[in-house]
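**Q** What follows is a structure written as C-alpha coordinates; I'll ask about it next.
The values are calculated or read from the model by the stated rules, or taken from the named source; none is laboratory data. Predicted, not measured: the structure shown is a model, and the values here were computed from it. Here the Cβ is made from the backbone with ideal geometry for all residues, glycine too, and neighbour counts use every protein chain on show. Protein only, heavy atoms only, side chains kept; ligands, DNA and RNA dropped before computing areas. Shrake-Rupley method; radii C 1.70, N 1.55, O 1.52, S 1.80 Å.
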Amino acid sequence: MQHDFLYLRKYAVLPLKLGLLNCSINIFMKWIKVFLQFTIISCLPAHQTLAHGVIHKPSKNNTSKKYKEKIIPGADQTYLYIDYLKGKNIGMVINQTSVIGKNLTFSVDSLLNRGIIIKKIFGPEHGFRGNASNGESVVNTVDPKSGLPVISLYGNKHYKPTPEDLKGIDLVIFDIQDVGARFFTYLSTLQYVMEACAENNIELMILDRPNPNGFYVDGPILDTVNRSFVGLNPIPIVYGLTIAEYAQMINGEGWLKNHVKCRLKIIKVANYTHNSTYKLPINSSPNLNTDQSVLLYPSVCLFEGTSLSLGRGTVLPFLQIGHPDLKGKYSYSFKPVSIPGMSEEPPQKNKVCYGINLDNYDTGNIRTSKKINLTWLIELYNAFPDKEHFFNAYFTKLAGTDQLRKQIEAGKSLEEIRASWEPALSNYKIMRKKYLLYP
(Lines give C-alpha, C1' and ligand atoms only; values in the text may rest on other atoms or scores of the structure.)
Protein backbone atom coordinates (compact mmCIF):
# COMPACT_ATOMS: atom_id res chain seq x y z
CA MET A 1 0.00 0.00 0.00
CA GLN A 2 2.97 2.32 0.69
CA HIS A 3 4.09 2.00 -2.96
CA ASP A 4 0.53 2.86 -4.10
CA PHE A 5 0.63 6.13 -2.20
CA LEU A 6 4.12 6.98 -3.50
CA TYR A 7 2.82 6.36 -7.00
CA LEU A 8 -0.16 8.63 -6.42
CA ARG A 9 1.91 11.35 -4.78
CA LYS A 10 4.24 11.33 -7.77
CA TYR A 11 1.52 11.56 -10.41
CA ALA A 12 -1.28 13.37 -8.61
CA VAL A 13 0.50 16.67 -9.21
CA LEU A 14 0.27 16.11 -12.96
CA PRO A 15 -3.23 17.61 -13.24
CA LEU A 16 -2.01 20.70 -11.43
CA LYS A 17 0.78 21.12 -13.90
CA LEU A 18 -1.61 20.57 -16.76
CA GLY A 19 -3.87 23.16 -15.24
CA LEU A 20 -1.05 25.66 -15.28
CA LEU A 21 -0.65 24.85 -18.97
CA ASN A 22 -4.29 25.82 -19.61
CA CYS A 23 -5.47 22.18 -19.57
CA SER A 24 -9.23 21.92 -19.63
CA ILE A 25 -11.08 21.73 -16.34
CA ASN A 26 -12.63 18.40 -17.44
CA ILE A 27 -9.25 16.69 -17.68
CA PHE A 28 -8.34 18.05 -14.24
CA MET A 29 -11.55 16.70 -12.67
CA LYS A 30 -11.04 13.33 -14.35
CA TRP A 31 -7.64 13.00 -12.69
CA ILE A 32 -9.09 13.92 -9.31
CA LYS A 33 -11.80 11.24 -9.68
CA VAL A 34 -9.24 8.58 -10.56
CA PHE A 35 -7.06 9.64 -7.64
CA LEU A 36 -9.92 9.39 -5.13
CA GLN A 37 -11.13 6.01 -6.44
CA PHE A 38 -7.62 4.55 -6.31
CA THR A 39 -7.10 5.84 -2.78
CA ILE A 40 -10.37 4.37 -1.45
CA ILE A 41 -9.79 0.97 -3.05
CA SER A 42 -6.23 0.83 -1.75
CA CYS A 43 -7.37 1.52 1.79
CA LEU A 44 -10.05 -1.19 1.86
CA PRO A 45 -9.30 -4.33 3.91
CA ALA A 46 -8.76 -7.38 1.74
CA HIS A 47 -11.96 -9.10 2.87
CA GLN A 48 -14.05 -6.18 1.58
CA THR A 49 -12.87 -6.73 -1.98
CA LEU A 50 -12.95 -10.21 -3.54
CA ALA A 51 -12.25 -13.11 -1.19
CA HIS A 52 -10.16 -15.57 -3.20
CA GLY A 53 -12.17 -14.69 -6.29
CA VAL A 54 -15.47 -15.91 -4.79
CA ILE A 55 -18.51 -13.67 -4.77
CA HIS A 56 -21.01 -14.67 -2.09
CA LYS A 57 -24.60 -14.11 -3.19
CA PRO A 58 -27.25 -14.22 -0.45
CA SER A 59 -30.21 -16.44 -1.23
CA LYS A 60 -33.70 -15.00 -1.41
CA ASN A 61 -34.43 -16.64 1.97
CA ASN A 62 -31.31 -15.29 3.64
CA THR A 63 -30.97 -11.64 2.82
CA SER A 64 -30.99 -9.73 6.10
CA LYS A 65 -28.08 -9.63 8.52
CA LYS A 66 -30.38 -10.60 11.39
CA TYR A 67 -31.64 -13.63 9.47
CA LYS A 68 -28.11 -14.73 8.62
CA GLU A 69 -27.04 -14.74 12.23
CA LYS A 70 -30.06 -16.55 13.61
CA ILE A 71 -29.81 -20.31 14.13
CA ILE A 72 -32.62 -21.93 12.14
CA PRO A 73 -33.49 -25.58 12.95
CA GLY A 74 -34.11 -27.90 10.02
CA ALA A 75 -37.83 -28.14 10.79
CA ASP A 76 -38.25 -24.38 10.38
CA GLN A 77 -36.87 -24.45 6.82
CA THR A 78 -40.04 -25.92 5.36
CA TYR A 79 -39.24 -24.57 1.89
CA LEU A 80 -36.40 -27.14 1.73
CA TYR A 81 -38.55 -30.22 2.25
CA ILE A 82 -42.28 -29.53 1.95
CA ASP A 83 -42.45 -30.41 -1.77
CA TYR A 84 -40.51 -33.63 -1.11
CA LEU A 85 -43.21 -34.76 1.33
CA LYS A 86 -46.17 -34.13 -0.96
CA GLY A 87 -47.97 -37.25 -2.10
CA LYS A 88 -46.13 -39.51 0.35
CA ASN A 89 -47.55 -41.36 3.34
CA ILE A 90 -45.58 -40.03 6.29
CA GLY A 91 -44.78 -41.40 9.75
CA MET A 92 -43.35 -38.99 12.33
CA VAL A 93 -41.09 -39.68 15.32
CA ILE A 94 -41.74 -36.59 17.39
CA ASN A 95 -42.43 -35.19 20.85
CA GLN A 96 -43.18 -31.84 22.44
CA THR A 97 -39.94 -30.34 21.07
CA SER A 98 -41.06 -30.93 17.47
CA VAL A 99 -42.21 -27.43 16.63
CA ILE A 100 -42.02 -25.19 13.57
CA GLY A 101 -41.63 -21.42 13.28
CA LYS A 102 -41.55 -18.51 15.70
CA ASN A 103 -45.00 -19.44 17.00
CA LEU A 104 -43.69 -22.91 17.94
CA THR A 105 -46.48 -24.66 16.07
CA PHE A 106 -46.53 -28.40 16.67
CA SER A 107 -44.97 -29.89 13.53
CA VAL A 108 -47.66 -32.51 12.89
CA ASP A 109 -50.32 -29.79 12.99
CA SER A 110 -48.27 -27.53 10.71
CA LEU A 111 -47.66 -30.24 8.11
CA LEU A 112 -51.27 -31.41 8.14
CA ASN A 113 -52.38 -27.83 7.52
CA ARG A 114 -50.09 -27.78 4.48
CA GLY A 115 -51.76 -30.84 3.01
CA ILE A 116 -49.07 -33.38 3.95
CA ILE A 117 -50.41 -36.91 4.50
CA ILE A 118 -49.46 -38.04 8.00
CA LYS A 119 -50.42 -41.64 8.72
CA LYS A 120 -48.84 -42.38 12.12
CA ILE A 121 -47.00 -40.78 14.99
CA PHE A 122 -44.29 -42.59 16.95
CA GLY A 123 -43.71 -41.36 20.50
CA PRO A 124 -40.44 -41.84 22.52
CA GLU A 125 -39.82 -41.77 26.29
CA HIS A 126 -42.05 -39.23 28.08
CA GLY A 127 -44.63 -39.71 25.33
CA PHE A 128 -45.82 -37.89 22.26
CA ARG A 129 -46.75 -34.78 24.25
CA GLY A 130 -43.76 -35.04 26.63
CA ASN A 131 -45.90 -35.27 29.77
CA ALA A 132 -45.05 -38.78 31.01
CA SER A 133 -42.69 -39.13 33.95
CA ASN A 134 -39.17 -40.48 33.63
CA GLY A 135 -39.14 -44.24 33.04
CA GLU A 136 -42.95 -44.43 32.89
CA SER A 137 -44.25 -46.96 30.38
CA VAL A 138 -46.13 -45.18 27.59
CA VAL A 139 -48.99 -46.94 25.82
CA ASN A 140 -50.32 -46.66 22.29
CA THR A 141 -53.04 -44.06 21.94
CA VAL A 142 -54.80 -41.71 19.53
CA ASP A 143 -53.94 -38.04 19.23
CA PRO A 144 -57.19 -36.25 20.16
CA LYS A 145 -56.48 -33.24 17.96
CA SER A 146 -55.53 -34.93 14.69
CA GLY A 147 -57.12 -38.32 15.25
CA LEU A 148 -53.86 -40.00 14.24
CA PRO A 149 -52.71 -43.25 15.86
CA VAL A 150 -49.74 -42.81 18.19
CA ILE A 151 -47.39 -45.81 18.49
CA SER A 152 -45.34 -45.81 21.67
CA LEU A 153 -41.65 -46.63 21.32
CA TYR A 154 -41.22 -46.67 25.09
CA GLY A 155 -43.78 -49.14 26.32
CA ASN A 156 -43.55 -52.87 27.00
CA LYS A 157 -40.01 -52.90 25.57
CA HIS A 158 -41.42 -51.87 22.20
CA TYR A 159 -38.42 -49.74 21.28
CA LYS A 160 -38.31 -50.56 17.57
CA PRO A 161 -41.13 -50.05 15.03
CA THR A 162 -42.38 -53.36 13.65
CA PRO A 163 -43.08 -54.09 9.98
CA GLU A 164 -46.77 -53.80 10.85
CA ASP A 165 -46.14 -50.38 12.44
CA LEU A 166 -44.50 -49.20 9.21
CA LYS A 167 -46.97 -50.78 6.79
CA GLY A 168 -48.09 -48.25 4.19
CA ILE A 169 -45.46 -45.67 5.23
CA ASP A 170 -43.32 -44.17 2.43
CA LEU A 171 -41.09 -41.97 4.55
CA VAL A 172 -40.42 -41.42 8.28
CA ILE A 173 -39.54 -38.02 9.75
CA PHE A 174 -37.39 -37.87 12.88
CA ASP A 175 -37.58 -34.52 14.63
CA ILE A 176 -36.65 -34.55 18.33
CA GLN A 177 -34.47 -32.13 20.26
CA ASP A 178 -31.33 -33.74 21.69
CA VAL A 179 -29.19 -32.45 24.58
CA GLY A 180 -25.89 -34.11 23.72
CA ALA A 181 -25.47 -36.76 26.45
CA ARG A 182 -25.10 -40.46 25.62
CA PHE A 183 -27.68 -41.59 28.19
CA PHE A 184 -30.46 -39.40 26.74
CA THR A 185 -32.76 -42.14 25.46
CA TYR A 186 -33.81 -40.38 22.26
CA LEU A 187 -30.47 -41.50 20.78
CA SER A 188 -31.48 -45.12 21.21
CA THR A 189 -34.91 -44.37 19.74
CA LEU A 190 -33.16 -42.88 16.69
CA GLN A 191 -31.06 -46.02 16.24
CA TYR A 192 -33.98 -48.42 16.48
CA VAL A 193 -36.01 -46.30 14.04
CA MET A 194 -33.08 -46.24 11.61
CA GLU A 195 -32.78 -50.01 11.86
CA ALA A 196 -36.49 -50.54 11.23
CA CYS A 197 -36.48 -48.16 8.27
CA ALA A 198 -33.44 -49.89 6.77
CA GLU A 199 -34.99 -53.33 7.14
CA ASN A 200 -38.23 -52.17 5.52
CA ASN A 201 -36.61 -50.06 2.78
CA ILE A 202 -38.07 -46.79 4.03
CA GLU A 203 -36.22 -43.49 3.85
CA LEU A 204 -35.68 -41.51 7.06
CA MET A 205 -35.73 -37.73 6.94
CA ILE A 206 -34.00 -36.02 9.87
CA LEU A 207 -34.97 -32.44 10.62
CA ASP A 208 -31.77 -31.56 12.43
CA ARG A 209 -31.60 -29.38 15.52
CA PRO A 210 -28.67 -27.79 17.40
CA ASN A 211 -26.96 -29.65 20.23
CA PRO A 212 -26.75 -27.32 23.29
CA ASN A 213 -23.82 -29.42 24.55
CA GLY A 214 -22.26 -29.80 21.12
CA PHE A 215 -19.26 -27.62 21.92
CA TYR A 216 -17.20 -30.37 23.58
CA VAL A 217 -16.45 -34.08 23.71
CA ASP A 218 -15.64 -35.79 27.01
CA GLY A 219 -16.12 -38.80 29.24
CA PRO A 220 -15.34 -42.51 29.21
CA ILE A 221 -16.13 -44.49 26.06
CA LEU A 222 -18.95 -47.01 26.52
CA ASP A 223 -17.84 -50.63 26.72
CA THR A 224 -20.33 -52.52 24.56
CA VAL A 225 -20.71 -55.27 27.20
CA ASN A 226 -22.71 -52.59 29.04
CA ARG A 227 -25.08 -51.79 26.16
CA SER A 228 -28.54 -50.69 27.25
CA PHE A 229 -31.25 -48.24 26.28
CA VAL A 230 -29.17 -45.50 27.96
CA GLY A 231 -26.16 -46.32 25.81
CA LEU A 232 -25.90 -48.54 22.74
CA ASN A 233 -22.63 -47.58 21.08
CA PRO A 234 -18.95 -46.97 21.97
CA ILE A 235 -19.15 -43.20 22.31
CA PRO A 236 -18.25 -40.93 25.26
CA ILE A 237 -20.79 -39.40 27.63
CA VAL A 238 -20.59 -36.10 25.71
CA TYR A 239 -20.23 -36.99 22.04
CA GLY A 240 -20.35 -33.57 20.33
CA LEU A 241 -22.73 -34.32 17.45
CA THR A 242 -26.16 -33.24 16.33
CA ILE A 243 -28.82 -35.90 15.83
CA ALA A 244 -28.15 -35.96 12.05
CA GLU A 245 -24.40 -36.20 12.51
CA TYR A 246 -24.90 -39.05 14.96
CA ALA A 247 -27.19 -40.81 12.48
CA GLN A 248 -24.41 -40.61 9.91
CA MET A 249 -22.03 -42.13 12.45
CA ILE A 250 -24.44 -44.99 13.17
CA ASN A 251 -24.57 -45.76 9.44
CA GLY A 252 -20.89 -45.23 8.81
CA GLU A 253 -19.66 -47.36 11.70
CA GLY A 254 -22.03 -50.22 10.94
CA TRP A 255 -23.84 -50.08 14.28
CA LEU A 256 -27.21 -51.19 12.96
CA LYS A 257 -28.16 -54.86 13.23
CA ASN A 258 -26.51 -56.94 10.49
CA HIS A 259 -24.73 -53.73 9.41
CA VAL A 260 -27.71 -52.57 7.37
CA LYS A 261 -27.69 -48.97 6.15
CA CYS A 262 -30.55 -46.54 6.57
CA ARG A 263 -31.32 -44.18 3.68
CA LEU A 264 -31.07 -40.72 5.18
CA LYS A 265 -32.31 -37.36 3.97
CA ILE A 266 -31.01 -34.60 6.22
CA ILE A 267 -32.33 -31.06 6.52
CA LYS A 268 -29.45 -29.21 8.15
CA VAL A 269 -29.57 -26.44 10.74
CA ALA A 270 -28.79 -23.06 9.20
CA ASN A 271 -26.12 -20.77 10.68
CA TYR A 272 -25.04 -23.29 13.33
CA THR A 273 -21.54 -24.26 14.45
CA HIS A 274 -20.53 -26.55 17.27
CA ASN A 275 -19.41 -23.50 19.24
CA SER A 276 -22.81 -21.83 18.92
CA THR A 277 -24.75 -21.01 22.07
CA TYR A 278 -28.28 -22.33 21.78
CA LYS A 279 -31.16 -22.02 24.22
CA LEU A 280 -33.92 -24.54 23.79
CA PRO A 281 -37.31 -23.00 22.91
CA ILE A 282 -39.12 -26.01 24.44
CA ASN A 283 -38.10 -28.15 27.43
CA SER A 284 -36.40 -31.27 26.10
CA SER A 285 -38.01 -33.43 28.81
CA PRO A 286 -40.15 -32.82 31.91
CA ASN A 287 -37.14 -32.73 34.24
CA LEU A 288 -34.73 -30.84 31.98
CA ASN A 289 -36.68 -27.63 32.31
CA THR A 290 -33.95 -24.96 32.37
CA ASP A 291 -30.90 -24.09 30.27
CA GLN A 292 -28.83 -24.55 33.43
CA SER A 293 -29.99 -28.14 33.91
CA VAL A 294 -29.38 -28.97 30.24
CA LEU A 295 -25.74 -27.86 30.48
CA LEU A 296 -25.20 -29.70 33.77
CA TYR A 297 -27.04 -32.86 32.71
CA PRO A 298 -23.97 -34.72 31.33
CA SER A 299 -22.15 -34.17 34.65
CA VAL A 300 -24.91 -34.81 37.19
CA CYS A 301 -26.99 -37.55 35.55
CA LEU A 302 -24.47 -40.09 36.85
CA PHE A 303 -26.07 -39.56 40.26
CA GLU A 304 -29.07 -41.48 38.90
CA GLY A 305 -26.84 -44.50 39.52
CA THR A 306 -26.47 -43.73 43.22
CA SER A 307 -28.75 -43.66 46.24
CA LEU A 308 -28.72 -39.85 46.24
CA SER A 309 -31.48 -37.59 44.99
CA LEU A 310 -30.60 -35.21 42.19
CA GLY A 311 -33.68 -33.10 42.65
CA ARG A 312 -36.36 -35.14 40.91
CA GLY A 313 -39.58 -34.35 42.70
CA THR A 314 -38.63 -30.69 43.11
CA VAL A 315 -38.80 -27.61 40.91
CA LEU A 316 -35.02 -27.83 40.39
CA PRO A 317 -34.31 -31.30 39.00
CA PHE A 318 -30.65 -31.89 38.04
CA LEU A 319 -29.70 -28.73 39.95
CA GLN A 320 -29.51 -30.08 43.49
CA ILE A 321 -27.98 -33.27 44.85
CA GLY A 322 -28.34 -34.70 48.33
CA HIS A 323 -29.33 -37.43 50.76
CA PRO A 324 -30.84 -37.56 54.27
CA ASP A 325 -27.64 -39.18 55.62
CA LEU A 326 -25.61 -36.11 54.67
CA LYS A 327 -27.27 -34.05 57.39
CA GLY A 328 -24.62 -32.24 59.41
CA LYS A 329 -22.15 -32.29 56.52
CA TYR A 330 -24.09 -29.91 54.29
CA SER A 331 -26.38 -27.06 55.26
CA TYR A 332 -28.35 -26.85 52.01
CA SER A 333 -31.50 -28.97 52.01
CA PHE A 334 -34.48 -29.87 49.82
CA LYS A 335 -37.37 -32.31 49.98
CA PRO A 336 -38.44 -34.42 46.97
CA VAL A 337 -42.19 -35.01 46.64
CA SER A 338 -44.40 -36.64 44.05
CA ILE A 339 -44.98 -34.37 41.04
CA PRO A 340 -47.31 -35.80 38.37
CA GLY A 341 -45.88 -35.55 34.88
CA MET A 342 -42.36 -35.12 36.23
CA SER A 343 -41.59 -37.71 38.88
CA GLU A 344 -44.28 -39.55 40.81
CA GLU A 345 -41.85 -41.70 42.81
CA PRO A 346 -38.61 -39.75 43.09
CA PRO A 347 -35.62 -41.09 45.05
CA GLN A 348 -35.79 -40.12 48.74
CA LYS A 349 -39.44 -39.14 48.35
CA ASN A 350 -40.80 -37.04 51.25
CA LYS A 351 -37.41 -37.03 52.98
CA VAL A 352 -35.30 -33.96 53.69
CA CYS A 353 -32.05 -34.28 51.75
CA TYR A 354 -28.84 -32.39 52.48
CA GLY A 355 -26.23 -31.64 49.87
CA ILE A 356 -25.28 -29.14 47.19
CA ASN A 357 -27.19 -26.58 45.14
CA LEU A 358 -26.06 -26.01 41.54
CA ASP A 359 -28.76 -23.53 40.57
CA ASN A 360 -26.25 -20.68 40.52
CA TYR A 361 -23.27 -22.67 39.26
CA ASP A 362 -21.42 -20.82 36.48
CA THR A 363 -21.87 -23.13 33.48
CA GLY A 364 -19.36 -20.98 31.65
CA ASN A 365 -16.80 -23.16 33.41
CA ILE A 366 -17.95 -26.10 31.31
CA ARG A 367 -17.75 -24.13 28.10
CA THR A 368 -14.23 -22.99 29.02
CA SER A 369 -12.87 -26.32 30.26
CA LYS A 370 -14.83 -28.48 27.78
CA LYS A 371 -15.00 -31.19 30.43
CA ILE A 372 -17.72 -32.88 32.44
CA ASN A 373 -17.47 -32.18 36.17
CA LEU A 374 -16.69 -35.27 38.26
CA THR A 375 -15.69 -33.36 41.39
CA TRP A 376 -19.25 -33.44 42.78
CA LEU A 377 -19.43 -37.21 42.38
CA ILE A 378 -16.08 -37.73 44.10
CA GLU A 379 -16.86 -35.22 46.85
CA LEU A 380 -20.25 -36.66 47.74
CA TYR A 381 -18.95 -40.22 47.66
CA ASN A 382 -16.21 -39.25 50.12
CA ALA A 383 -18.76 -37.48 52.35
CA PHE A 384 -21.32 -40.30 52.29
CA PRO A 385 -21.25 -42.39 55.48
CA ASP A 386 -22.49 -45.69 53.96
CA LYS A 387 -20.14 -46.07 51.00
CA GLU A 388 -21.19 -49.66 50.38
CA HIS A 389 -24.63 -48.43 49.38
CA PHE A 390 -23.62 -45.25 47.54
CA PHE A 391 -23.64 -46.80 44.05
CA ASN A 392 -26.26 -49.05 42.50
CA ALA A 393 -26.14 -51.32 39.45
CA TYR A 394 -27.53 -48.61 37.17
CA PHE A 395 -24.35 -46.57 37.59
CA THR A 396 -22.32 -48.83 35.28
CA LYS A 397 -24.93 -48.49 32.52
CA LEU A 398 -24.84 -44.70 32.78
CA ALA A 399 -21.05 -44.52 32.93
CA GLY A 400 -20.79 -47.09 30.16
CA THR A 401 -17.97 -48.84 32.01
CA ASP A 402 -17.42 -50.49 35.39
CA GLN A 403 -14.08 -48.74 35.75
CA LEU A 404 -15.37 -45.37 36.90
CA ARG A 405 -17.08 -46.82 39.96
CA LYS A 406 -13.99 -48.85 40.85
CA GLN A 407 -11.75 -45.82 40.43
CA ILE A 408 -13.84 -43.63 42.74
CA GLU A 409 -14.07 -46.38 45.34
CA ALA A 410 -10.29 -46.83 45.16
CA GLY A 411 -9.73 -43.12 45.76
CA LYS A 412 -8.19 -42.42 42.36
CA SER A 413 -7.55 -38.76 41.58
CA LEU A 414 -9.45 -36.87 38.90
CA GLU A 415 -6.28 -36.79 36.80
CA GLU A 416 -5.83 -40.55 37.07
CA ILE A 417 -9.47 -41.14 36.11
CA ARG A 418 -9.22 -38.89 33.07
CA ALA A 419 -5.96 -40.50 31.97
CA SER A 420 -7.71 -43.87 31.86
CA TRP A 421 -10.09 -42.58 29.19
CA GLU A 422 -7.22 -42.43 26.73
CA PRO A 423 -6.43 -43.29 24.01
CA ALA A 424 -10.07 -44.29 23.35
CA LEU A 425 -11.40 -40.74 23.81
CA SER A 426 -8.86 -39.22 21.40
CA ASN A 427 -9.55 -41.96 18.87
CA TYR A 428 -13.25 -41.17 19.05
CA LYS A 429 -12.55 -37.47 18.40
CA ILE A 430 -10.66 -38.40 15.25
CA MET A 431 -13.43 -40.72 14.08
CA ARG A 432 -16.07 -38.09 14.83
CA LYS A 433 -14.61 -35.68 12.27
CA LYS A 434 -15.77 -37.91 9.40
CA TYR A 435 -19.41 -37.28 10.23
CA LEU A 436 -19.51 -33.55 10.98
CA LEU A 437 -21.99 -31.45 9.06
CA TYR A 438 -21.06 -28.22 10.84
CA PRO A 439 -17.74 -26.55 11.71
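**Q** For the pair F229 and V337, how long in nm is the line joining their label points, each one 7 Å along Cα→Cβ?
**A** 2.9
**Q** Please list, or write none, the aspartates and glutamates whose alpha carbon is within less than 19 Å of the alpha carbon of K329, excluding same-chain residues fewer than 8 places away.
**A** Qualifying aspartates and glutamates at Cα under 19 Å: E379, D386, E388.
**Q** As an exercise, take the mean of 1/r over every pair of distinct alpha carbons in region 343-439, invert it, and state the Kirkwood radius in angstroms.
**A** One over the average 1/r among Cα pairs gives 16.5 Å for region 343-439.
**Q** What FRET efficiency, computed as 1/(1 + (r/R0)^6) with R0 = 60 Å and r the Cβ-Cβ distance, is obtained for D386 and Y79, rounded to the nearest 0.05? Spell out each step's value before the answer.
**A** Values: r = 59 Å, r/R0 = 0.99.
So the FRET efficiency works out to roughly 0.50.
**Q** Take the alpha-carbon centre of region 407-426, take the same for region 269-292, and report the distance between them in whole Å.
**A** Between the Cα centre of region 407-426 and that of region 269-292, the gap is 29 Å.
**Q** Hey, what's the per residue convex hull volume over the C-alpha atoms of region 168-271, in cubic angstrom? Present the calculation step by step, with values, prior to reporting the outcome.
**A** Numbers: hull volume 9.7 nm³, N = 104.
So the per-residue hull volume is 93 Å³.
**Q** Also: Taking R0 as 41 Å, what FRET efficiency do you get between E416 and D170 from their Cβ-Cβ distance, rounded to the nearest 0.05?
**A** Working: r = 53 Å, r/R0 = 1.30.
Once rounded, the FRET efficiency stands at 0.15.
**Q** Further question on the same structure: Using only Cα positions of region 241-386, each an equal point scatterer, no hydration layer, compute I(q)/I(0) via Debye at q = 0.09, 0.11, 0.13 Å⁻¹ and quote the log10 values to two decimals.
**A** So the normalised log intensities are -0.39, -0.55, -0.72.
**Q** Quote the FRET efficiency, to the nearest 0.05, computed for K327 versus T273 with a Förster distance R0 of 35 Å and r equal to the Cβ-Cβ distance. Can you show the working numbers first?
**A** Working: r = 46 Å, r/R0 = 1.31.
FRET efficiency, K327 to T273: 0.15.
**Q** Now, a different point. For the pairs K102/K371; K397/K433; K327/K406; K102/K145, flag any whose C-alpha to C-alpha distance is greater than 29 Å. Write down the numbers at each step before the final one.
**A** Details: K102/K371 33 Å; K397/K433 26 Å; K327/K406 26 Å; K102/K145 21 Å.
Too far apart for the 29 Å limit: K102/K371.
**Q** Now for a different question. Can you work out the PRE-style zone for R263? Point 7 Å along Cα to Cβ, and I want the residues of region 70-99 with backbone N under 19 Å.
**A** Taking a point 7 Å out along Cα→Cβ of R263, the residues of region 70-99 whose backbone N falls under 19 Å are 81-93.
**Q** Still on this model: Carbon and sulfur atoms: what percent of the 1.4 Å accessible area of region 296-439 do they account for?
**A** Numbers: 3540 of 6770 Å².
Carbon with sulfur: 52 percent of the solvent-accessible area.
**Q** Hey, another quick one. To one decimal place, what Kirkwood hydrodynamic radius in Å is obtained for region 149-220 from all pairs of distinct Cα atoms?
**A** After inverting the mean inverse Cα-Cα distance, the result is 13.6 Å.
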